[in-house]
1. If you go through region 39-62, how many residues are at pLDDT below 95 and buried (at least 18 other Cβ atoms within 10 Å of the Cβ)?
2. State whether one or more residues within region 48-67 are within 22 Å of Ala138 (Cα to Cα) and of a type outside the set (Ser, Thr, Tyr).
3. Within region 90-115, track down each residue that is of a type in the set (Lys, Arg) and part of a loop (DSSP other than H, G, I, E, B).
4. Which of the residues belonging to region 81-90 are without any contact (Cβ under 8 Å) to a residue 60 or more places away in the chain and surrounded by 15 or more Cβ atoms within 10 Å (Cβ to Cβ)?
5. Out of all the residues in region 123-134, which are surrounded by fewer than 17 Cβ atoms within 10 Å (Cβ to Cβ) and small (Gly, Ala, Ser)?
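The values are calculated or read from the model by the stated rules, or taken from the named source; none is laboratory data. A quick note: this is a predicted structure, and the numbers were derived from the prediction, not measured. Cβ atoms come from the backbone with ideal geometry, glycine included; neighbour counts cover every protein chain shown.
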Amino acid sequence: MANLSNAMNKPDKRRYAVLIADDSEADRFLLREAVDNAASLQIIAEVSDGAGAVAYLRGRGEFGDRRKFPIPDLLLLDLNMPRMDGFEVLEWLRTQRFRDLAVVVLTDSLHPEHLKRALDLGAHFYQVKPRSTEDRDALIFALEQYLHGISAAAHFVAPRLSCSIA
């Protein structure tokens, strides 16, 4: 219990880094607009396919400078992308150790098997892409609150319980 109360007294992280992986320029624009309204979220990069997301997370190629391209706290991941889809990114992430990375699948797919597969592969949340400004803003606000909760306590509780946050 001491770890939990110490975690609760620990100050929240002030800014959370967001990586957007979506092949739709229009969807990236709308997400960018919503994130720009969030007090503690900051987009650090946008990529248009899964291969770009993996390259970013690996710190390869143009993303090699971690001061300029830090590891994100939040990955907003589309499922249907060229070169490497969101499921393939999730499969790759399962082989990596990004303890502090929250992954949110944002998709147009309403297929229950897509939801199950994404969550089984480790996505923290699965959300049909919001179409209204109000819904997008509400989603971003909810994700911001989720990240604040993680930084305050969950990382200290999860290892003790031997489970992941999902």
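1. Going through region 39-62 one residue at a time, the tally reaches 0.
2. Filtering region 48-67 down to residues within 22 Å of Ala138 (Cα to Cα) leaves none.
No, every residue in region 48-67 fails to be within 22 Å of Ala138 (Cα to Cα) and of a type outside the set (Ser, Thr, Tyr).
3. Scanning region 90-115 gives Arg97, Arg99.
4. Initially, region 81-90 is screened for residues without any contact (Cβ under 8 Å) to a residue 60 or more places away in the chain, giving 82-85, 87-88, 90.
Once the filter is applied, which keeps residues that are without any contact (Cβ under 8 Å) to a residue 60 or more places away in the chain and surrounded by 15 or more Cβ atoms within 10 Å (Cβ to Cβ), region 81-90 yields Met84, Asp85, Phe87, Glu88, Leu90.
5. Selection gives Ser132 alone.
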